Structures are given as C-alpha cells and as structure tokens.
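A.B. asks: Mind having a look at this structure? Questions to follow.
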Amino acid sequence: MEYPFSITVPELFAGNIIPLSQQFPHDFNNYVTGYIDGLPVEVYGLWHDYKSGSFKQAIRFKDLLLIGLGEYFYAYDISKKELKVVSVLQFYFSKIYVFDERFLVCDACNIYCYNKDCQLIWRADNLGIDGVIINQFTNGILIGEGENDPPGGWITFKIDFQTGKIL
C-alpha cells in the first residue's frame, strides 16, 4: 500500500478521517492516504505549521504507519487502530529509515532510534545543524553525514547501532 501526502481529502474517500495531530484535532491541512488498487481506503489527518520544515515521509513498517512532517513524528498501529507515538522533534523532520527490527527518525540535528514496539532505544545528538542522513548500515554500524556548515559542509559520522554511541 502506498501512503502519499495531500492537502485535501481524496474525492472518492467516504470513510472517517483518522486524526493523528493532537494539537489541532479537527483542523487538518495535510492528509496521508492509504490506497489499494488506486482507491483510498484510509485517510490520516495532520496539522502542519509550514514554517517548521518542508520534508515529509510516510512509510509502512510491519503494522505501523510511520509519518514525519514538520517538527513531528507519528507512529500509528494500523491493526490496533492506536496512536503509539507522537513526538515533537527538537528540529524539523528529515527522514525515516528502517533497519532490522528498528526504525530511525532523523531531524535536522539528531537521530532517534525506536524498536518495533515504538519504544525509544537511544538518541544521538548534535550530528549536524541543517540535516542528518544515513548512508550505510554495515556490521552493526550506521554511517552517515551531518551538515555542519551549510550549504554543503557535510561531516561523516559513525554510530554503534545497538547503543547509539558515536564512534
């Protein structure tokens, strides 16, 4: 199933919107829609302050829908119909990565590592000031880059995947 973003509810959707944003639970300006065979089957409502970053992503990991938008990260258990995580990131959302039984959420400066039960395992701070990306996962080591001198001042880092310790 794909989960694209939109600023309106799809015309063919006749169900109830699942609210994820708690700060404005009925005033949505972004929607993530799950489609099967081109038809919308579920719509998630989000509120986004457009001053808080432009990156967004929605991916499926096991029974979880993981969404990053603005300064927020959401983990919604689709099978239990339960919001597991609403996290206000320290800075704007950047990207979600999935490795093994964990998922990583990056903001402009940090990496947050969660297990499949949505428990925060570790957090690696101050890896950049305007972007953090992960390029490789090998032998239990995350290799990535943090932009420390924009534009283009990327510095490589290595992190122990089990502990979050910077190597």
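A.B. asks: Whole number in Å², please: accessible area per residue of region 90-167, 1.4 Å probe, ligands, DNA and RNA not counted. Intermediate results must be reported in sequence, preceding the final value.
C.D. replies: Numbers: 3840 Å² over 78 residues.
Computed with neighbouring chains in place, this is 49 Å² per residue.
A.B. asks: How would Tyr72, Tyr31 rank on accessible area, largest to smallest, probe 1.4 Å? Walk me through the intermediate numbers first.
C.D. replies: Numbers: Tyr72 55, Tyr31 25 Å².
So, going from the largest accessible area down, we get Tyr72, Tyr31.
A.B. asks: What does the C-alpha gyration tensor say about the overall shape of region 66-122? Classify as rounded when a/c is under 1.5, otherwise prolate if a/b is larger than b/c, or oblate.
C.D. replies: Cα axes put region 66-122 in the oblate bin.
A.B. asks: Just round it to a whole percent: the fraction of Cα-Cα distances in region 53-167 exceeding 19 Å.
C.D. replies: Result for the distance tail: 42 percent.
A.B. asks: Report the relative contact order of region 1-49, percent, no decimals, based on alpha-carbon pairs under 8 angstrom and at least 6 residues apart. The partial results should precede the final answer.
C.D. replies: Numbers: 98 pairs, mean separation 21.8, N = 49.
Once normalised by length, the contact order is 45 percent.
A.B. asks: Which GluC sites (Glu not before Pro) in region 30-106 pass both tests, a DSSP loop state and at most 11 other beta-carbon atoms within 10 Å? Kindly include the intermediate steps, with their values, before the conclusion.
C.D. replies: Values: sites: Glu42, Glu71, Glu82, Glu101; in loops: Glu71, Glu101.
Of the GluC sites (Glu not before Pro), the ones in loops of region 30-106 whose Cβ has at most 11 other Cβ atoms within 10 Å are Glu101.
A.B. asks: Could I ask something else about it? Out of residues 5 or more away from Gly153 or on other chains, whose amide H comes under 5 Å of its own, with H placed 1.01 Å from N in the peptide plane?
C.D. replies: Amide H neighbours of Gly153, under 5 Å, 5+ apart: Asn148.
A.B. asks: Leaving out ligands, DNA and RNA, what percent of the accessible area of region 41-88 is carbon and sulfur, probe 1.4 Å?
C.D. replies: 48 percent
A.B. asks: Cross-link list Lys84/Lys165; Lys56/Lys84; Lys62/Lys158; Lys84/Lys116; Lys62/Lys84: which exceed 21 angstrom alpha carbon to alpha carbon?
C.D. replies: Lys84/Lys165; Lys62/Lys158
A.B. asks: So which residue, out of Leu20, Leu39, Leu142, gets the largest mean-square fluctuation from a GNM of the chain using Cα contacts under 10 Å as springs?
C.D. replies: Most flexible of the set in this elastic network: Leu39.
The values are calculated or read from the model by the stated rules, or taken from the named source; none is laboratory data. Note that the structure is predicted; figures quoted are calculated from it, not measured. Please note: Cβ atoms are built from the backbone with ideal geometry, for glycine as well, and neighbour counts cover all protein chains shown. Ligands, DNA and RNA are stripped out before the accessible areas are found, and what is left, the full protein with its side chains, is counted by its heavy atoms. Shrake-Rupley method; radii C 1.70, N 1.55, O 1.52, S 1.80 Å.
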